[in-house]
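Participant: Provided herewith is a single structure, encoded as structure tokens, for subsequent inquiry.
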Amino acid sequence: MQLALKVNVETYRGTLQGVPRLVDILRRHQANATFCFALGPDQTGRMPKRDGSSVAKTGETISRLKRYGFKSLMFGNTLPGPDIGKRCVSILTGTASAGFETAIHGWNVARWQAGVDRADGVWTEIEMRRAHERYAEIFGVDAHGHAAPGWQMNPHALRLTQRLGYQWASDCRGTHPFIPVWNAEIVRCPQLPTTLPALAELVGFDNVSAENAHMALLQRTANKPETGHVLTLHAELEGLRFSDSFELLLTGLREQGYELVSLGQMRATLNINELPRHEVSVGTPAGCAWPMLVQGDEFLAQWKDAA
């Protein structure tokens, strides 16, 4: 049974410090993963605060200061935001050279999360093409996959996952791979949704802490769905504060019999013509602090049932 590991890398600090540590951990555990990189300026200080309830909903470890660090929260405010794609090239290419799949996690993560929900097609395409072109400059090839920051998307962005030729996207939360349908518009780029909560989303509930979060997650992976799982990690968390718990999680997943793969490896097992079509919409999954793109019902399921 496959479990795909998706590493979202949002910040300069996460790229410099979290990614090398995660590469080391994954290689020691012989686990594969996909690293999804933010490729433009780090303006973490402008990251939206949402409704201010994230700490109450997901525990103390999700606080902005502990997640990003003091200096990162200055970027875009009192300090200029470093250009990740220019200043961290050796880490990005080194990750690929170490054998890991790489993909796109946006251009400016803070700006994307603050504005994509109400953005028009022009703004959305500029942001996505900047990241697409920067990726090609760094790696010498076009990206194969896209992972939206904060699982935030709009219909223009969804269309671009097809137009830019991505083989897969992981832009939403859901239960299994599917072809997305937004307001009856089919987008032929398979979505490989995040199916499990992140470690940080479990902290603060039922006596779960940063030290034992892996145990809570292993309870959820004990029963294996036929379509496998996708787990989203964050270089700023699993690569730093949560690294010990993450190592214990990898050991536990191996003991449960999972093959730890990249999103590209999971995509290679799928036939796009046989994937179900599901509606997508905006909702707030349990344990999450803000609305995001979620997998909905199978498209036209009621008509199939009637037939």
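The values are calculated or read from the model by the stated rules, or taken from the named source; none is laboratory data. Keep in mind that this is a model prediction, so the values were computed, not measured. Here the Cβ is made from the backbone with ideal geometry for all residues, glycine too, and neighbour counts use every protein chain on show.
Participant: If a residue has to be among the aliphatic types (A, V, I, L, M) and over 13 Å from PHE299 (Cβ atoms) to count, how many in region 168-210 make the cut?
Facilitator: 10
Participant: Right, something else. May I ask you to verify whether LEU192 is surrounded by fewer than 24 Cβ atoms within 10 Å (Cβ to Cβ), within 15 Å of the chain's Cα centre (by Cα), among the aliphatic types (A, V, I, L, M) and within 28 Å of HIS229 (Cβ to Cβ)?
Facilitator: Answer is no for this residue.
Participant: When only residues in region 153-174 that are among the polar types (S, T, N, Q) and surrounded by fewer than 24 Cβ atoms within 10 Å (Cβ to Cβ) count, which is farthest from HIS234 (Cα to Cα)?
Facilitator: GLN162
Participant: Taking THR232 as meeting all but one of (1) in contact (Cβ under 8 Å) with a residue 24 or more places away in the chain; (2) more than 15 Å from the chain's Cα centre (by Cα); (3) surrounded by 18 or more Cβ atoms within 10 Å (Cβ to Cβ), write down the number of the exception.
Facilitator: All conditions pass for THR232, except number (2).
Participant: Take region 101-138 and flag every residue that is in contact (Cβ under 8 Å) with a residue 12 or more places away in the chain, of a type outside the set (D, E, K, R), closer than 29 Å to ARG21 by Cβ and surrounded by fewer than 22 Cβ atoms within 10 Å (Cβ to Cβ).
Facilitator: If the condition is that a residue be in contact (Cβ under 8 Å) with a residue 12 or more places away in the chain, of a type outside the set (D, E, K, R), closer than 29 Å to ARG21 by Cβ and surrounded by fewer than 22 Cβ atoms within 10 Å (Cβ to Cβ), then ALA114, HIS132, ILE138 are the ones that fit.
Participant: Looking at LEU293, LEU192, LEU233, can you tell me which residue is closer than 16 Å to ALA147 by Cα, of a type outside the set (S, T, N, Q), modelled with pLDDT of 95 or more and out of contact with any Leu (no Cβ under 7 Å at 6 or more places or on another chain)?
Facilitator: LEU293
Participant: Quick one: is ALA210 under 28 Å from ALA31 (Cα atoms), of a type in the set (Gly, Ala, Ser) and surrounded by fewer than 23 Cβ atoms within 10 Å (Cβ to Cβ)?
Facilitator: Against the criterion (under 28 Å from ALA31 (Cα atoms), of a type in the set (Gly, Ala, Ser) and surrounded by fewer than 23 Cβ atoms within 10 Å (Cβ to Cβ)), ALA210 qualifies.
Participant: From the set of residues in region 1-51 that are of a type in the set (A, V, I, L, M, F, W, C) and more than 22 Å from ASP83 (Cβ to Cβ), which is modelled with the lowest pLDDT?
Facilitator: Of everything passing the filter in region 1-51, MET1 is modelled with the lowest pLDDT.
Participant: From the list ALA200, ALA143, exactly one residue is within 25 Å of GLN17 (Cα to Cα) and assigned to a loop (DSSP other than H, G, I, E, B). Which is it?
Facilitator: ALA143
Participant: Moving on to the next point. Of all helices (runs of 4 or more DSSP H) completely enclosed by region 61-137, which ones contain at least 2 residues that are at pLDDT 95 or above?
Facilitator: Qualifying helices (runs of 4 or more DSSP H): 84-87, 89-97, 109-115.
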